[in-house]
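The structure appears right after this line, and notes come after that.
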Amino acid sequence: MESEIDNQAAQQLDKVDLHIIEAMQRDGREAFTQIAEQLDVSPGMIRQRYGRLVELGYLKVVAVTNPLMMGKRAMAIVGVRTDGRRLLEVAEALGKFEEVVYIVVVSGRYDILIEVFCRDHDDLLHFMTEKLARVDGVRETESYMHLKIIKEIYF
């Protein structure tokens, strides 16, 4: 059912809408006049379409910070196994930690995957032992340190 809704919503977008979305993904500050020139339409049309895309929830423009420039030198993906009955409760608790920037409930070896950004290895160790390990319902964790980010995109 959900994929049917997604397909119907995507089909409502035309080539102008898709071009606007792609342009904003490349550079969220690209001028409407530049996008209009690429499509040979008026800037007013782009402004109106952009507003509609934001209003309908297709686009959300935010500033994306560079964690390294923000002093976050230790980044990791952490697999979390939980007591099954407490899965969503654990996910909600993890979402309250400032170090956690991404949470997804998954199937497979782990119940939850989180992405964690910390100042350094000591800060990551503190997070793992003093915060994550103390969440009721967390049974086991396994962390994977970021060594190098090869590709990073935002949908």
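The values are calculated or read from the model by the stated rules, or taken from the named source; none is laboratory data. All values reported here derive from a predicted model rather than from experimental measurement. Note: ideal-geometry Cβ built from the backbone for every residue, glycine included; neighbour counts use all protein chains shown.
Quick notes
- Residue check, LYS96 within 18 Å of the chain's Cα centre (by Cα) and of a type in the set (Lys, Arg): yes
- Which numbered condition PHE127 fails, given (1) of a type in the set (Phe, Trp, Tyr); (2) surrounded by 14 or more Cβ atoms within 10 Å (Cβ to Cβ); (3) part of a loop (DSSP other than H, G, I, E, B): (3)
- Cross-chain or 6+ apart pairs with Cβ under 6 Å, the range 53-73 first and over 15 Å from CYS118 (Cβ atoms), then assigned to a loop (DSSP other than H, G, I, E, B) and modelled with pLDDT of 85 or more: LEU53/LEU59; VAL61/GLY28
- Residues that are within 13 Å of PHE97 (Cα to Cα) and surrounded by fewer than 15 Cβ atoms within 10 Å (Cβ to Cβ) within the range 130-155 comprise GLU130, ALA133, ARG134, listed in sequence order.
- The range 8-26 - residue that is assigned to a helix (DSSP H, G or I) and more than 22 Å from TYR154 (Cβ to Cβ) and, of those, modelled with the lowest pLDDT: GLN8
- In the range 27-49, the residues that are modelled with pLDDT of 95 or more and under 30 Å from TYR102 (Cβ atoms): ILE35, ARG49
- Top-ranked residue in the range 27-61 [being part of a helix (DSSP H, G or I) and charged (D, E, K, R); ranked as surrounded by the most Cβ atoms within 10 Å (Cβ to Cβ)]: ARG49
- Filter result for GLU99 (of a type in the set (Asp, Glu), crowded, with 18+ Cβ neighbours inside 10 Å, without any contact (Cβ under 8 Å) to a residue 60 or more places away in the chain and not assigned by TED's automatic domain parsing to the domain that holds ASP14): yes
- Which listed residue, of VAL105, VAL62, VAL80, is farther than 30 Å from GLN12 by Cβ and within 19 Å of the chain's Cα centre (by Cα): VAL80
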